[in-house]
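The values are calculated or read from the model by the stated rules, or taken from the named source; none is laboratory data. None of these values were measured; they are calculated from a predicted model. In this analysis, Cβ positions are derived from the backbone assuming ideal geometry, glycine residues included, and neighbour counts consider all displayed protein chains. For accessibility, only protein heavy atoms count, side chains too; no ligands or nucleic acids. Shrake-Rupley method; radii C 1.70, N 1.55, O 1.52, S 1.80 Å.
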Amino acid sequence: MTKIDISSWGMFVIGDIMNKLDLKIKKEDFDKRLDTSLEKNEEFSLPLINAKDGNNGIMYYGRKDDFESEEMCLDIVQNGAVATGNVYAQIQRTGVLWDAYLVKPNDKISKYALLFLSLIVQKSIKKKFNYDNKAIWDKVKLEVIPLPQDKDGKPDWGYMDMYMRSIEKKAKKTVESLIAIIE
């Protein structure tokens with residue numbers, strides 16, 4: 001794969017292009033042992049983010065009625081020995097348990113642009129934060145990230161969408177070629 005030319009990209013303050021969502025647990029007598037599950041099932045179907053390294057930041061599942069939730073957001077892990085600074089695109093409706101939070105772009109963007117954005121944000125913050133220096137929103141929102149920009153100097157969400165679609169298309173061809181070899 002060729003290297004991306006970022007010479008014409010703009011620099012954007014994270015807090016200028018995204019806002020933190022203040023999602024709550026709605027159940028007044030919430031008890032993690034009784035009100036969450038490690039396995040997704042019919043009762044516990046809402047993904048919940050936490051200080052998780054891997055599995056897209058999802059550690060538990062909750063009841064949809066017990067949690068406020070949102071979709072098309074970035075999950076930022078603020079705490080955790082290994083996971084601090086991880087950023088995951090949460091395309092599906094997701095709730096927050098603790099040690100992580102959701103931020104939503106100010107503009108309506110595609111899932112592909114959200115995936116692109118998650119990679120850029122994680123690359124920018126992962127090494128700056130750790131267990132002793134939490135990736136809390138008050139710090140993360142001040143970070144500056146490089147992004148493709150349009151002619152008006154705004155993030156070029158269309159380019160990000162197109163780029164990630166091309167990556168997906170190439171990956172799909174590679175997988176199809178591998179499957180053809182083993183069949």
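Residues in region 73-110 that are among the small types (Gly, Ala, Ser), in a strand (DSSP E or B) and surrounded by fewer than 24 Cβ atoms within 10 Å (Cβ to Cβ): how many?
First, pick out the residues of region 73-110 that are among the small types (Gly, Ala, Ser): 80-81, 83, 85, 89, 95, 100, 110.
If we keep only those that are in a strand (DSSP E or B) as well, we get 89, 95, 100.
Retained after the next criterion (residues that are surrounded by fewer than 24 Cβ atoms within 10 Å (Cβ to Cβ)): 89.
Number satisfying all stated conditions: 1.
Please go through region 19-34 and give me each residue that is of a type in the set (Asp, Glu) and either within 24 Å of the chain's Cα centre (by Cα) or open to solvent by 80 Å² or more (accessible area, probe 1.4 Å) (or both), ordered by number.
Within region 19-34, the first condition is being of a type in the set (Asp, Glu), and the residues that meet it are 22, 28-29, 31.
22, 28, 29, listed by residue number.
Scan (1) farther than 30 Å from residue 163 by Cβ; (2) assigned to a strand (DSSP E or B); (3) open to solvent by 80 Å² or more (accessible area, probe 1.4 Å) for the single condition residue 60 breaks and write down its number.
If we test residue 60 against (1) farther than 30 Å from residue 163 by Cβ; (2) assigned to a strand (DSSP E or B); (3) open to solvent by 80 Å² or more (accessible area, probe 1.4 Å), just (3) comes out false.
Across region 156-183, what is the number of residues that are in contact with a helix residue (DSSP H, G or I) (Cβ under 6 Å, 6 or more places away or on another chain) and open to solvent by less than 80 Å² (accessible area, probe 1.4 Å)? Reasoning before the result, please.
Filtering region 156-183 down to residues in contact with a helix residue (DSSP H, G or I) (Cβ under 6 Å, 6 or more places away or on another chain) leaves 157, 160-161, 164-165.
Then keep just the ones that are open to solvent by less than 80 Å² (accessible area, probe 1.4 Å); that gives 157, 160-161, 164.
Result for region 156-183: 4.
Please name all residue pairs, on different chains or six or more residues apart, with Cβ atoms under 7 Å, provided the first residue is in region 118-138 and is under 24 Å from residue 91 (Cα atoms) and of a type in the set (S, T, N, Q) and the second residue is part of a loop (DSSP other than H, G, I, E, B) and open to solvent by less than 100 Å² (accessible area, probe 1.4 Å).
Listed pairs, sorted by first residue: 122/85; 122/86; 124/143.
So, of the residues in region 125-155 that are under 21 Å from residue 8 (Cα atoms) and in contact with a helix residue (DSSP H, G or I) (Cβ under 8 Å, 6 or more places away or on another chain), which turns out to be surrounded by the most Cβ atoms within 10 Å (Cβ to Cβ)? Quick ask: steps written out before the conclusion?
Within region 125-155, the subset under 21 Å from residue 8 (Cα atoms) is 143-155.
Still in the list and also in contact with a helix residue (DSSP H, G or I) (Cβ under 8 Å, 6 or more places away or on another chain): 143-148, 150, 155.
Details: 143: 16, 144: 11, 145: 18, 146: 13, 147: 21, 148: 21, 150: 12, 155: 25.
The selected residue is 155.
Among the numbered criteria (1) modelled with pLDDT of 95 or more; (2) under 25 Å from residue 38 (Cα atoms); (3) not basic (Lys, Arg), which one does residue 124 miss?
Unmet for residue 124, out of (1) modelled with pLDDT of 95 or more; (2) under 25 Å from residue 38 (Cα atoms); (3) not basic (Lys, Arg): (2).
Give region 1-58 a look and list any residue that's within 23 Å of residue 146 (Cα to Cα) and among the β-branched types (Val, Ile, Thr), or say none.
2, 4, 6, 13, 14, 17
If a residue must be touching a residue at least 40 places away in the same chain (Cβ under 8 Å) and either under 15 Å from the mean Cα position of the chain (by Cα) or open to solvent by 40 Å² or more (accessible area, probe 1.4 Å) (or both), how many such residues does region 35-52 contain? So that I can check it myself, show each step before the final result.
Residues of region 35-52 that are touching a residue at least 40 places away in the same chain (Cβ under 8 Å), as a first pass: 36, 46-52.
From the residues that got through so far, the ones that are either under 15 Å from the mean Cα position of the chain (by Cα) or open to solvent by 40 Å² or more (accessible area, probe 1.4 Å) (or both) too are 47-52.
Looking only at that region, the number is 6.
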